[in-house]
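Since the structure comes first, as structure tokens, the remarks are kept for the end.
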Amino acid sequence: MNDKRLNICVDIDGTITSPYYFLPYLNKLLGTDVGEEEYLSTDWNKVFGKEHAPLFKHFDELCPESYDVADLLEDADKYINKLAESSNIYFVTARKKCLYERTLLWLKNNGLEKFKTYMLGHNNKGDIAKDLNCDIFVEDNPENAHNLAEAGFRVILMDTKYNRELRHDNITRVNSWKEIYRIIQDLGYN
């Protein structure tokens, strides 16, 4: 067993939440009918069309309630809290700061309120990962995961339809929090 506490950065959307929870809100807002099977990119311009770009910029203000109803992925709370027994957990999300209180309430309602949360408002997570001395970053966004892996961070990638093409030596693909926990245990931690 290793005595070092790991610094684990964890994204929120698509990593501890269902990756598709916001689709009904976007479809209603845009008058579209995109399902999970068609959601093959995190670039909304590609999925929904560039003509909707002005609305994308204001989604958080137009549909903030979407963040309140996001489903927690199975056992995410259980395994994150188990990891926290011997690791430092940090939530690092691209969510805008206007969602800070709403995000903290959602985390509290899901038993994850005790962890420091960083709301970046952008997808560049490399600087904060470096500042937090991140050992492992749990992510779903393919661009973020690729950039973190290229910067030398070990990434555990939650498998989704929109990140299936991504491959990198520093990326390990998983389907559940149970797998994440097992991988970290296999490294000699927890």
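FYI, it's all coordinate maths here, none of it is from the lab. Since the structure is predicted, the reported quantities are computational estimates derived from the model, not experimental observations. Because the Cβ atoms are built from the backbone with ideal geometry, glycine has one as well, and the counts that use them run over all protein chains shown.
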Next on the checklist: Tell me the relative contact order for segment 23-67 as a rounded percent, counting alpha carbon contacts under 8 Å between residues six or more apart.
Outcome noted: 30
Checklist entry - Measuring from centroid to centroid over Cα atoms, what is the spacing of segment 34-76 and segment 102-149 in Å? => result 18
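Can you tell me, using C-alpha contacts under 8 Å and at least 6 residues apart, the relative contact order of segment 1-122 as a whole percent?
Numbers: 131 pairs, mean separation 39.7, N = 122.
Relative contact order, segment 1-122: 33 percent.
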Item to check | DSSP loop GluC sites (Glu not before Pro) with at most 14 other Cβ within 10 Å excluded, longest remaining stretch of the chain | outcome: 1-73
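What is the local net charge at Ala70, summed over the other residues whose Cβ is closer than 12 Å to its Cβ (Lys, Arg +1; Asp, Glu -1)?
On the way: positive: Arg95, Arg102; negative: Asp13, Glu65, Asp68, Asp71.
Residues close to Ala70 contribute a combined charge of -2.
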Checklist entry - Amide H to amide H under 5 Å from Val138: which residues, 5+ apart in sequence or cross-chain, H placed 1.01 Å off N in plane? => result Cys9, Val10, Asp11, Ile156
Next on the checklist: Considering just Cα atoms, how many Å³ per residue does the convex hull of the chain enclose?
Outcome noted: 110
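Would you mind calculating the relative contact order of segment 81-190 from Cα pairs under 8 angstrom and at least 6 residues apart, reporting the percent as a whole number? Each step should come with its number before you reach the end.
Working: 130 pairs, mean separation 23.6, N = 110.
Relative contact order for segment 81-190 comes out at 21 percent.
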Checklist entry - For segment 23-67, what D do you get in µm² per second when you plug the Kirkwood radius from alpha-carbon pairs into Stokes-Einstein at 20 °C and 1.002 mPa s? => result 199
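When His168, His58 are ordered from fewest to most other Cβ atoms inside 10 Å of their Cβ, what list results? Intermediate results must be reported in sequence, preceding the final value.
Working: His168 14, His58 10.
Placing the least packed residue first, the sequence is His58, His168.
Run the numbers for Ser86 and Lys114: contour at 0.36 nm per residue of separation, minus the present Cα-Cα distance, in nm. Intermediate results must be reported in sequence, preceding the final value.
Values: separation 28, 0.36 × 28 = 10.08 nm, distance 1.43 nm.
Between Ser86 and Lys114, full extension yields an extra 8.6 nm.
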Next on the checklist: With N set to the number of residues, divide the alpha-carbon radius of gyration of segment 109-190 by 2.2 N^0.38 Å and report two decimals.
Outcome noted: 1.11
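Would you calculate a helix-derived [θ] at 222 nm for the chain, using -39,500 (n - 2.57) for each DSSP H run of n ≥ 4 and dividing by the full residue count, to the nearest 500?
Values: 9 runs with 64 residues, N = 190.
The helix contribution divided over the chain gives -8500 deg cm²/dmol.
Taking K and R as +1 and D and E as -1, what net charge do the other residues with C-beta under 14 Å from the C-beta of Glu165 add up to?
Numbers: positive: Lys46, Lys161, Arg164, Arg167, Arg173; negative: Asp43, Asp140, Glu143, Asp159.
Net of charged neighbours comes to +1.
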